[in-house]
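Note sheet for the following structure.
All of the numbers you see were taken from the coordinates with simple rules; none came from a lab. As the structure is a computational prediction, the values presented were derived from the model and not from experiment. Cβ atoms come from the backbone with ideal geometry, glycine included; neighbour counts cover every protein chain shown.
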Amino acid sequence: DAGVTQSPTHLIKTRGQQVTLRCSPKSGHDTVSWYQQALGQGPQFIFQYYEEEERQRGNFPDRFSGHQFPNYSSELNVNALLLGDSALYLCASNWKGDLYNEQFFGPGTRLTVL
Amino acid sequence: QQPVQSPQAVILREGEDAVINCSSSKALYSVHWYRQKHGEAPVFLMILLKGGEQKGHEKISASFNEKKQQSSLYLTASQLSYSGTYFCGTEGCQKLVFGQGTRLTINP
């Protein structure tokens, strides 16, 4: 049973560029949430996708956008990258966004903005 | 609003006990606990729900005081494998808000 997978593992970009991160949820899950984790901090909620729509959003600017595909996989896009966007980006999946059961996290994508 | 965890860091010898606290300024409906080892994904430990229900995988105990808006994670007879950063998450508007983490180091 495959867990949550993310790609790429690491990414280096320069300021102003755009980046796309990818996530495949655990088998049987239909909801994907994205988190940003700065060094030494807890994960911060970016947004959640369910039924191919953004259902919830955290306090992140419109530069952060996403998409969910019919197979439940998801992408996170960040435009006009800033140095402060450097972080570990985590994807988590669960069933119907049910917060009364565990979320499964992927290994993350480490983004470095130079 | 982000929950506050204490202590920020703790160092133990194998076999010792530890308590990690999580408090919120808002009413809590559920508290989630995760552990993250360096360079790895957070791993689910436990959910504590309003009303007393608990769901967890490991032999780790926790408490949830709804009136005080606090939760505590109890790590007894610690093992080397318990090392990592522990995060509590509280539910708000259908999303989880995580604390800043408590770094636990277990020495032999």
Quiz item: Kirkwood hydrodynamic radius for the protein assembly as shown: how many Å is it when counted over pairs of different Cα atoms?
Solution: 17.9
Quiz item: How about chain B: what cysteines have no other cysteine beta carbon under 4.7 Å from their own?
Solution: B:CYS93
Exercise. Note down the net charge around A:TYR49, summing +1 for each Lys or Arg and -1 for each Asp or Glu among other residues with Cβ under 13 Å from its Cβ.
Key: -1
Practice problem: Please work out the Cα convex hull volume for the stretch B:18-90 and give it in Å³ per residue. | Solution: 85
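Let's test the formula: R0 of 45 Å, r as the Cβ-Cβ distance of B:CYS93 and A:THR14. What FRET efficiency results, to the nearest 0.05?
Values: r = 35 Å, r/R0 = 0.78.
Approximately 0.80, to the nearest 0.05.
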Quiz item: For B:SER6 and A:LEU114, FRET efficiency with R0 = 25 Å and r from the beta-carbon atoms, rounded to 0.05?
Solution: 0.10
Exercise. Mind telling me which of B:GLY56, B:GLY92, B:GLY39 comes out most flexible in a GNM of chain B, alpha-carbon contacts under 10 Å?
Key: B:GLY39
Self-check item: Beta bridges per DSSP with both ends in chain B, % antiparallel, nearest 5
Solution: 90
Quiz item: Under a Cβ-Cβ cut-off of 10 Å, what is the net charge of the residues other than B:ALA77 that fall near it, where Lys and Arg count +1 and Asp and Glu count -1?
Solution: -2
Quiz item: Taking Cα centroids, how far is the stretch B:2-73 from the stretch A:87-114 in Å?
Solution: 19
Quiz prompt | Net +/- balance of residues flanking B:LYS68 in space, Cβ distance below 15 Å, scoring K and R +1, D and E -1 | solution = +2
Practice problem: Give the whole-number value, in cubic angstrom per residue, of the convex hull volume spanned by the C-alpha atoms of the stretch A:5-109. | Solution: 95
